[in-house]
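Peer 1: Take a look at the following structure, please.
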Amino acid sequence: MNFSGSLSDTDGEKADYEIFGVPSDRNAVKKGAREGPGAIRKASHRLETFLWHAKLELSDLRYYDCGDVNIDSVQNLEFNTRKKIFIGGDHSISFPLFKQFFARNEVEQVIVIDAHADFRGSYKNNTYSNACVMRRIAELAGFDNVIEIGVRSSSAEEYEFMKDRIRIYDAEMLQEEGVECILEELKNGKTYLSIDIDVLDPGIAPGVEHPEPCGLTLESLSAVVRMILANEEVVVTDVTEVNPRLDSVNGITSINAARLVFEILAGYAGCTDILPMC
Ligand SMILES: [Mn+2]
């Protein structure tokens, strides 16, 4: 099943944007995120493709769901220069993906929206764990090129290591100062945007490996994403950590992730000045 509103296989070449599934959970402790791409595609068909708040019919945009990619062979893929959305998969997929686009000079920084810092040196003897992914990216791209948004959880050790090395706009700052506080950091750089769905409050995104209380609303997350898409040159976005095995019976985590992908497509198409919903 393709993502809702996707161009057909025969029209894929006409696409302006591309969607890929990355069904991997090898670096997660609790398995199930490999089923994320399928569940999010399915959830996308439960939503109207007419975005009411933007008065935008998404299927008028030209995007193509290219199917799934194997994260182990991502370095062998010949990607074109169309803007892309990768649907995970656990968060560790961001490192090989970022590495690929960084090596080709297509991205120079990462902005990550996540409840967790993901800055451990190693986790359960795995240096490529989803709990280490931003540390690996920072080591590759430079600590100055990492911005973390929405964080509300790390170990004391991680915090000590990261606090003076990278730029952080934590969940509390977003709540107290409003999402506009991130604007000062946005400088139209070539950006890899990585979104871990657990940045949302577990009440609306229970289907994640590590639920963290006191998270963002989907409205706040959408406003942050819109602001980034309007003020940075975002080349690649990923949406990770939906675990359908841990989701509610009605699949609300997948539905919110699908809705987020809609927002990213609208943002890619330049619909970024729409007002946040109240
Ligand atoms: Mn996380």
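Peer 1: I need L216, L61 ordered by Cβ neighbour count within 10 Å, fewest first. Mind dumping the intermediate values first?
Peer 2: On the way: L216 24, L61 19.
Lowest count first: L61, L216.
Peer 1: Using a Cα-Cα cut-off of under 16 Å, which lysines could be cross-linked to K31, ignoring same-chain neighbours fewer than 8 residues away?
Peer 2: Within reach: K124.
Peer 1: Can you tell which of S154, S254, S129 shows the greatest fluctuation in a Gaussian network model of the chain with Cα springs below 10 Å?
Peer 2: Comparing S154, S254, S129 in the GNM, the peak value goes to S154.
Peer 1: Something else about it: For the chain, what is the largest minus smallest coordinate of the Cα atoms on each principal axis, given in angstrom and ordered from greatest to least?
Peer 2: Its Cα atoms span 50, 42, 41 Å along the three principal axes.
Peer 1: A further question on this structure: If each of D72 and E176 carries a label point 7 Å out from its Cα toward its Cβ, how far apart are those two points in nm?
Peer 2: My value for the distance between the label points is 4.7 nm.
Peer 1: Report relative contact order for the chain in percent, whole number only (criteria: Cα-Cα under 8 Å, sequence separation at least 6). If you can, show how the numbers build up before the last one.
Peer 2: Working: 580 pairs, mean separation 63.3, N = 278.
For the chain, the relative contact order is 23 percent.
Peer 1: While we're on this one: Find the centroid of the Cα atoms in the range 163-201 and in the range 242-275, then give the distance between the two in whole Å.
Peer 2: First find each Cα centre; the distance between them is then 18 Å.
Peer 1: Could you check which residue among N76, N243, N27 shows the biggest mean-square fluctuation in a GNM of the chain with a 10 Å Cα cutoff?
Peer 2: Maximum among the listed residues: N76.
Peer 1: Using DSSP to call loops (not H, G, I, E or B), can you name the GluC sites (Glu not before Pro) in the range 26-92 whose Cβ has at most 15 other Cβ atoms within 10 angstrom? Provide the component values of the computation, followed by the final result.
Peer 2: On the way: sites: E35, E48, E57, E78; in loops: E48, E78.
Qualifying residues, ordered by number: E48, E78.
Peer 1: Taking the chain as a Gaussian network, Cα atoms linked when under 10 Å apart, which of C132, C181, C66 shows the biggest mean-square fluctuation?
Peer 2: In this elastic network of the chain, the residue with the biggest mean-square fluctuation among C132, C181, C66 is C181.
Values in this text are rule-based calculations from the coordinates and carry no lab data. Values in this document were obtained by computation on a predicted structure and should not be read as measured data. In this analysis, Cβ positions are derived from the backbone assuming ideal geometry, glycine residues included, and neighbour counts consider all displayed protein chains.
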